[in-house]
Amino acid sequence: MIRRAFQQEECTISSMNDFIQWLRDHQWLIGAAVVVLIALVVLRRILSGLRRFLRRGRTPKLHEKLQVYAGKSEADIEAERRAAEKIIATSSTGAITGYNTIRQIEAVFVEGLRTQDEAIRALKAVAGNRGANAIINLSQQHTAAGRCTAQGDAVVIRPAVRRQPK
């Protein structure tokens, strides 16, 4: 039993000596493999940085259903601002004090905007593009996703005529 254990120990030591000898004989091969691995890591980092640099200049193309959430160009922002300026009054009730409602155009709705101010500005632009000059029954909500929605009725109004006493 002791003899068998000694032989296994000798075999292990012999194997270890053979391995060390193999490492010494192939030192240049191991060095070359390490250099190649380091070069591959460096090359990968350079390529990923280059890819990031090239992508930085391009705006990614969004799916058409996600275009609502995309940033707007300067021309779109200016057109929206001009359309929103057509709206002279808004109200959360069904009437605007000092004005008569001439005609109701349609209900308007916007969703997916970041803030309530953006939602109201977008709603005014939609109503202005439809020919309205006011919005009544205006309401706004936050969605579960953290976005804002706004809705209301686009109407055409005119100042109420006051009768002067004689």
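The values are calculated or read from the model by the stated rules, or taken from the named source; none is laboratory data. Model, not experiment: these values are computed from the prediction. So basically every Cβ, Gly included, is an ideal-geometry build from the backbone, and we count neighbours across all protein chains shown.
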| field | Cross-chain or 6+ apart pairs with Cβ under 6 Å, segment 90-119 first and in the same structural domain as ASN133 (by TED's automatic domain parsing) and assigned to a loop (DSSP other than H, G, I, E, B), then at pLDDT 95 or above and loosely packed, with under 14 Cβ neighbours inside 10 Å | value | none
| query | Can you spot a residue in segment 138-157 that is modelled with pLDDT of 90 or more, hydroxyl-bearing (Ser, Thr, Tyr) and surrounded by 17 or more Cβ atoms within 10 Å (Cβ to Cβ)? | reply | yes
